[in-house]
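So the structure is just underneath, and the comments pick up after that.
The values are calculated or read from the model by the stated rules, or taken from the named source; none is laboratory data. Treat the numbers as computed from the prediction; the structure is a model and nothing was measured. With ideal geometry, Cβ positions are generated from the backbone for all residues, glycine too; neighbour counts draw on all protein chains shown. The protein model used for the area step is the full one, side chains on, heavy atoms only, and it has no ligands, DNA or RNA in it. Shrake-Rupley method; radii C 1.70, N 1.55, O 1.52, S 1.80 Å.
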Amino acid sequence: MSMNGNLSDSAADSVVAVNSFALGAELGQSILNLPVDLQGVALLSSNRALISDFGEFQNGLKTAVFAGDRRLPISVIELSPDDIFARQAIEKILNESPGYNLIITDSPDITMNLSQAIIEQNIVGSAYVIGSGSAEELEDYIDAGIIQGLMNISPGEAALKTLSVMSELLNGREPRTNEEINVRLEGM
């Protein structure tokens, strides 16, 4: 059994994960409804991602965004939250890529680093940020207008679905092959 892992490389009988394509499409639809003149989208991806298949997430996002009237450029930037230079890379993105006024992160650590960089550079409100995570501090950043939205899962839901599949396996029953974890979009 695999939980939110690399689905294409997994030899697991059952996978409990976020439907990455559906999440990208849902987020893309939300983006089209924003009352902001978006110029471009920067996706900051990390190795501790909420999204199990980042390629499928991008495909879902592009399908929704390109189905609308807007033709937004989408750039993917790989970052590691453990990298001591992640913060410097985020600051470089903010300073050198002003055309990308929507930034999406798939890691709570990257969301926190991005939020802090926005505060320190005094550019709150100049970039629309959709992060991930459920930390109270991140929710405070939504209230303060530093970030505009969060993607997160309910750990309880993920645990219950995982335990349900594990129970089926342990009791000799054929488990469901795929069990989707729902993602909430907050603040949008």
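Confirm whether Ser45 is modelled with pLDDT of 75 or more, under 13 Å from the mean Cα position of the chain (by Cα), polar (S, T, N, Q) and more than 24 Å from Val165 (Cβ to Cβ). It is true that Ser45 is modelled with pLDDT of 75 or more, under 13 Å from the mean Cα position of the chain (by Cα), polar (S, T, N, Q) and more than 24 Å from Val165 (Cβ to Cβ). Filtering the range 131-187 to residues that are β-branched (Val, Ile, Thr) and part of a helix (DSSP H, G or I) leaves Ile142, Thr162, Val165.
When you look at Ser154, is it surrounded by fewer than 19 Cβ atoms within 10 Å (Cβ to Cβ) and farther than 20 Å from Phe57 by Cβ, yes or no?
No; evaluated as a whole, the condition is false for this residue.
Candidates in the range 106-130 are the residues that are charged (D, E, K, R) and assigned to a helix (DSSP H, G or I); of these, the one that is surrounded by the most Cβ atoms within 10 Å (Cβ to Cβ) is Asp109.
Among the residues of the range 94-101, is any of a type in the set (Phe, Trp, Tyr), assigned to a strand (DSSP E or B), within 26 Å of Asp37 (Cβ to Cβ) and open to solvent by 30 Å² or more (accessible area, probe 1.4 Å)? No, there is no match, as no residue in the range 94-101 is of a type in the set (Phe, Trp, Tyr), assigned to a strand (DSSP E or B), within 26 Å of Asp37 (Cβ to Cβ) and open to solvent by 30 Å² or more (accessible area, probe 1.4 Å). Scanning the range 168-178 for residues that are modelled with pLDDT of 75 or more and among the charged types (D, E, K, R) returns Glu168, Arg173, Glu174. Scanning the range 48-81 for residues that are assigned to a helix (DSSP H, G or I) and either open to solvent by 70 Å² or more (accessible area, probe 1.4 Å) or at pLDDT 80 or above (or both) gives Gly55, Glu56, Phe57, Gln58, Asn59, Gly60, Leu61, Lys62, Thr63, Ala64, Phe66, Ala67.
Among the residues of the range 127-143, those that are over 17 Å from Ile31 (Cβ atoms) and touching a helix residue (DSSP H, G or I) at 6+ places or on another chain (Cβ under 9 Å) comprise Gly133, Ser134, Ala135, Glu137, Leu138, Tyr141. Just one of the numbered conditions (1) of a type in the set (A, V, I, L, M); (2) farther than 28 Å from Lys62 by Cα; (3) at pLDDT below 75 is not true of Ala144: (3).
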